[in-house]
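Presented below is the structure to which this report refers.
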Protein chains: 2
Amino acid sequence: MRHKQVNLSKNQQIVLETIRKAKKPLKAYSILSSVKKKGINAPPQVYRALEKLVELGVIHKIESKNAFVDCKNSECETSKATAFSICKKCQKITEIMNSKLSTYLTNFQDNTGMKYEKYNLEFYGLCKRCKL
Amino acid sequence: MRHKQVNLSKNQQIVLETIRKAKKPLKAYSILSSVKKKGINAPPQVYRALEKLVELGVIHKIESKNAFVDCKNSECETSKATAFSICKKCQKITEIMNSKLSTYLTNFQDNTGMKYEKYNLEFYGLCKRCKL
DNA sequence: TAACGCTTGTTATAATATAACATTATAACA
DNA sequence: TGTTATAATGTTATATTATAACAAGCGTTA
Ligand SMILES: [Zn+2]
Ligand SMILES: [Zn+2]
Ligand SMILES: [Zn+2]
Ligand SMILES: [Zn+2]
């Protein structure tokens, strides 16, 4: 199974395909301009689709970039435990799938009495290529 | 020592004080309207100050909120290793200062060959009060 | 003083996101 | 089937967040 399947509306499918075809995280207005030929004309249509897709966990938002990537992790049922590495130079973004890390963070507790239900972690650095 | 001291320009001091006085994370335009009486008139002045203060690590940006809080962690020399807990209900934000967590994340490595230099982690949940 | 770099101020505009309301498609069921 | 409810979509306008571009001031030093 390469991708998670869900019942998606037409606009949601169009937006999702656009994101999947891209090699980079896409911004909402960049998605909008890509999908204008497919009949999506205005920001709310894109933002609604994005919201639903994030909710379903088939895409994630990179908060520090205001950009969206499709989820490559078949274990992401929702967007509740996400970790990314972001190359500061080439902007390449990779979803980190590391069960030790996710177990560690999902079970993380401190003494504030807060119950953590969700987290998002973004690492920044230089990727293998850009390090050279 | 309650707060880190650095040589700050006038605008930086004004913005920093405004953030420190606030009990909640502040957004840039909310800061702007607070400081208009002190002679700061336009967005770039606020954004420049914010940028510098983040760089110095005296404030942090909560990426998922586009908001700024002052750093309460005397060990934050820069904004290179940050973790926050965010209450989904009351929006209360706390900087997590947990040396085990920061050691774990600072040393985190995976097999992508990427060298991580910086991270930002945001936990969401319900705080002690809102859990009731 | 003149030239330079740096910080600040100012105007304008770009980029990101949502409110509000109108319209159309779909489903449930009398 | 027609009727009603619900969800999805379309549309216009606007709010919010952020930066570009340039002008003005100011201290340093050649
Ligand atoms: Zn995922
Ligand atoms: Zn790179
Ligand atoms: Zn800090
Ligand atoms: Zn709360």
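The values are calculated or read from the model by the stated rules, or taken from the named source; none is laboratory data. Everything numeric in this text was worked out from a predicted model, so none of it was measured. FYI the Cβ positions are ideal-geometry reconstructions off the backbone, even for glycines, and counts take in every protein chain you see. Side chains included, ligands, DNA and RNA excluded: accessible areas come from the protein's heavy atoms. Shrake-Rupley method; radii C 1.70, N 1.55, O 1.52, S 1.80 Å.
Quick notes on this one:
- Test: B:Ser102 is of a type in the set (Gly, Ala, Ser), touching a residue at least 12 places away in the same chain (Cβ under 8 Å) and more than 7 Å from chain A (Cβ to nearest Cβ): yes
- Meets criteria (away from chain A (no Cβ under 14 Å) and either of a type outside the set (Val, Ile, Thr) or not in a strand (DSSP E or B) (or both)) for B:Tyr47: yes
- Screening region A:108-117 for residues that are assigned to a loop (DSSP other than H, G, I, E, B) and facing chain B (nearest Cβ under 7 Å) and picking the one that is most open to solvent (accessible area, probe 1.4 Å) gives A:Thr112.
- Residue selected from region B:48-103 under the condition closer than 23 Å to B:Ile31 by Cβ, of a type in the set (S, T, N, Q) and open to solvent by 60 Å² or more (accessible area, probe 1.4 Å), by the criterion farthest from DNA strand C (Cβ to nearest atom): B:Gln91
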